[in-house]
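These notes are about the structure you will find just below.
No value in this document is a laboratory result; all are computed from the given coordinates. None of the values given here were measured: they were computed from a predicted structure. Cβ atoms come from the backbone with ideal geometry, glycine included; neighbour counts cover every protein chain shown.
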Ligand code: NAD
């Protein structure tokens, strides 16, 4: 099919590239001319494993980028909206969604024939049917369901494994209120015949996405609450506790040969320094605010959010076990991106940690194998960045491991060679405590 994708951020460019990879023709649209130029030169605007290779295969043939939204809509049969949906402090901010829908509507005014518009961005239930449909109708002068279709196809990819997630999805959710809109999306995903596909209405599709993210956030905050308790008990390590929990058949299914198949969900039952990123923090807040506006308060979700907000402070409490005052202490944040294998700094715990440490007078620096440009832009300017892990380790009184980059498995070797090794505060519980000279871990 001929597809246009509005927004070339983490979701838009991965979706566009993968649509091309599966045989469709895709035009990616962004207001940011620099991103468009990068894509057209075959270079991904973000760090994502495998993305550059897909661009190299298809840019100039099945894949192109432009700032001309109207032309992209004219030259395609279906348009996906993949613009940002931030949280404005009170509610979900739908201004990018509204603007994109208005621009698509204006383009549809001058386009003959049926066109399908699909919301891929994460939006609170009711947005597709109420806000997007209304903007499209008023800008086009046409009617949804008669002249064009409006669908909802939430995206479940995870940054760091986004291409793999898109090409081998665990599910496809297709929202639509009439057959033509559903049929167009089925055709898009025809190459994924073996993937469980749920066809539903738009509002349910929207709700599936929020519920999926909220359950993951809940498990993380629950694990952190348990870890925080373990930190105070003495003689209990949350890592051992969670290993015992993971052995339940719900989390690791026993196989006939005696082996166990671990459920992926168990990776969310692990204490750490909190979740970040462009999805879980804003989506939990948006859903809770939406619930409150509908008279359905969500106290459990509110507690999940609160636990996460206070988790970086727990890391400082652990540092204080070793340094009575943090004034002048050289603390190096290891890993700055919100998770491994991405350069995305949005809502990274490293940002909050840097701010809290600076407030207490620490000398703060950081190292990330990939997130350098994005970290520079997101961190307070007083935070220096190191070029290598070895340099970072040498510059530290305390290392604070924030992100699970695989490179940090080199820490035991690096620290073992030092005469005066720094403390390692493991905020992700990825290093074996006895493998480094001075260890502190969350939940011990
Ligand atoms: P992003 O901020 O990285 O990218 C959004 C892009 O849209 C930007 O490049 C921006 O310039 C562009 N844009 C905004 N308005 C535009 C317009 N009118 N015309 C053309 N381009 C426009 O956002 P993202 O992380 O890709 O997320 C997009 C949506 O997908 C959000 O709703 C998010 O919640 C959801 N989502 C994100 C992820 C993720 O891992 N990042 C996963 C699943 C779902």
Going fewest to most other Cβ atoms within 10 Å around each Cβ, 114, 405 line up as 114, 405
Residue 243 and residue 263 label points (each 7 Å along its Cα→Cβ direction) are spaced in nm at 2.1 nm
Between residue 388 and residue 74, the FRET efficiency computed from the C-beta separation at R0 = 45 Å comes out, to the nearest 0.05, as 0.35
With only helices counted (DSSP H, runs n ≥ 4, each -39500 (n - 2.57)), the per-residue ellipticity at 222 nm for the chain, to the nearest 500, works out to -12500 deg cm²/dmol
Per its Cα gyration tensor (rounded if a/c is under 1.5, else prolate when a/b beats b/c, else oblate), the chain is best filed as prolate
Check: C-alpha center region 278-301 vs C-alpha center region 87-101, spacing in Å is 15 Å
If one compares the long axis through the Cα atoms of helix 95-109 with the longest principal axis of the Cα atoms of the chain, the angle in degrees, nearest 10, works out at 20 degrees
The helix 202-233 Cα axis meets the longest alpha-carbon principal axis of the chain at an angle in degrees, between 0 and 90 and rounded to 10, of 0 degrees
Output row, site residue 114, 7 Å Cα→C-beta label point, backbone N cut-off 16 Å, window region 184-201, residues 184-189
Sorted on mean Cβ neighbours within 10 Å (highest first), peptides 183-192, 144-153 come out as 144-153, 183-192
Between residue 355 and residue 294, Cβ-based FRET efficiency (R0 30 Å, step 0.05) works out to 0.35
Taking 285, 209, 420 and counting other beta carbon atoms within 10 angstrom, the fewest-first order is 420, 285, 209
Whole-Å distance linking the alpha carbon centroid of region 106-122 with that of region 355-432 is 47 Å
Unit-weight point scatterers at every alpha-carbon of region 157-278, Debye formula, q = 0.10, 0.13, 0.21 1/Å: log10 I(q)/I(0) is -0.48, -0.74, -1.22
Shape call for region 2-200, from the Cα gyration tensor axes a ≥ b ≥ c (a/c under 1.5 means rounded, otherwise prolate when a/b beats b/c, else oblate), comes out rounded
Taking a crude spin-label model, label points 7 Å out from Cα along the C-beta direction, the residue 381 to residue 170 distance in nm is 4.3 nm
Quick note on 207, 1, ordering by fewest other C-beta atoms within 10 Å, gives 1, 207
So, with points 7 Å from each Cα along the Cβ direction, the residue 130-residue 102 label distance in nm works out to 1.9 nm
The extension gain from residue 324 to residue 1, computed as 0.36 nm times the residue separation minus the Cα-Cα distance, is 110.0 nm
For the residue 306, residue 53 Cβ pair and Förster radius 41 Å, calculated FRET efficiency rounded to 0.05 is 0.45
